[in-house]
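What follows is a single structure, written as structure tokens, with notes after it.
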Amino acid sequence: MRVLVIEDEKKIATFVRKGLEAEGFVVEVSNHGDEGYLLATTRPYDAVVLDIMLPGRDGLSILRNLRDRKAPLPVILLTARSELNERLEGLNLGADDYLAKPFYIEELIARLHAVTRRASGATQGILTVGNLSMNLLTREVKRAGAAIELTPREFTLLEHLMRSPGRVLTRAQICEQVWGYDFDPGTNLVEVYIQRLRKKIDADDPVELIETIRGVGYRVRPAP
Ligand code: CA
């Protein structure tokens, strides 16, 4: 798989390149928006990893231009935690997914596989596990077609679980990804939120999707 990484922060660009290459991806890096756009429009890539703040053309304008040209190229945006508006604008403009910095390389790899798998389908920005679906743009969550109201935290927690069905997330990972701070082993915050999610997601369905892996953490059961 050929991936173009448009990112001006050298540290992040190097981290991404090394991580993806170790996984067998062919990676090209550009650290300038104008050059990156030129590469994206003239060379064959399977996906683009796109930073938002760039010298020259910024990430959102690159994305807009790619979509104006009807380029079906899957795009994953790299956003800072504070760039909530940019993230939403990016999804509106047709980004396939986003990743908030800092991130684990495994997370980027999983999403690259996901966006390239569904590149041909019309399921942009929608996560699905069994009869549970989550629209990242409209923030609608549905189980068997019935809408479920979630608070922003509950949504983020479920999003992290649904992004990699079958993979177990530890309480520490959940704390860091959902609340953005180091895990305090004395707190039962994660348990409380998992229970709330279960009530909303699993209570009315014969199949329980949220699973506790005793002594390890939680996961969303992969669809059979
Ligand atoms: Ca940047």
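Details
- For the residue pairs LYS101/LYS200; LYS10/LYS101; LYS101/LYS142, the C-alpha atoms sit more than 20 angstrom apart in LYS101/LYS200; LYS101/LYS142.
- Near the amide H of VAL29, within less than 5 Å, lie the amide hydrogens of VAL5, all on another chain or at least 5 residues away, with H placed in the peptide plane.
- Here the contact order of the chain, divided by its residue count and restricted to Cα pairs under 8 Å and six or more residues apart, works out to 12 percent.
- Spacing of the modelled spin labels on ARG167 and ARG139, each 7 Å from Cα toward Cβ, amounts to 2.4 nm.
- On the principal axes of its alpha carbon atoms, the chain extends 50, 37, 32 Å, with the longest extent given first.
- Relative packing of 142-153, 168-179, which averages over residues the other C-beta atoms within 10 Å, highest first: 168-179, 142-153
- Each of ILE105, ILE52, ILE213 has some number of other Cβ atoms within 10 Å of its Cβ, and from fewest to most they run ILE213, ILE105, ILE52.
- Under the shape rule built on the C-alpha gyration tensor, where the axes satisfy a ≥ b ≥ c, segment 2-119 is rounded, since a/c falls short of 1.5.
- Trypsin sites (Lys or Arg not before Pro) within segment 43-83: DSSP coil, no more than 16 neighbouring Cβ in 10 Å: ARG69, LYS70, ARG81
- Global geometry of segment 160-199, whether rounded, prolate or oblate, following the gyration tensor of its Cα atoms and the 1.5 cut on a/c: oblate
- Listed values for segment 129-135 are Karplus-derived 3J(HN,Hα) couplings in whole Hz (6.51 cos²θ - 1.76 cosθ + 1.60, θ = phi - 60°), namely 9, x, 9, 9, 9, 9, 9, and x replaces Gly and Pro.
- The phi torsions of segment 151-164, fed into the Karplus equation with coefficients 6.51, -1.76 and 1.60 and a -60° offset, translate into couplings of 6, x, 5, 4, 4, 4, 4, 5, 4, 5, 5, 6, 5, 9 Hz, rounded to whole numbers, with Gly and Pro shown as x.
Only the coordinates and a few stated rules stand behind these numbers; no lab work does. Just so it is clear, the structure is predicted and the values come from calculations on it, not from any experiment. Glycine gets a Cβ as well: all are built from the backbone with ideal geometry, and neighbour counts include every protein chain shown.
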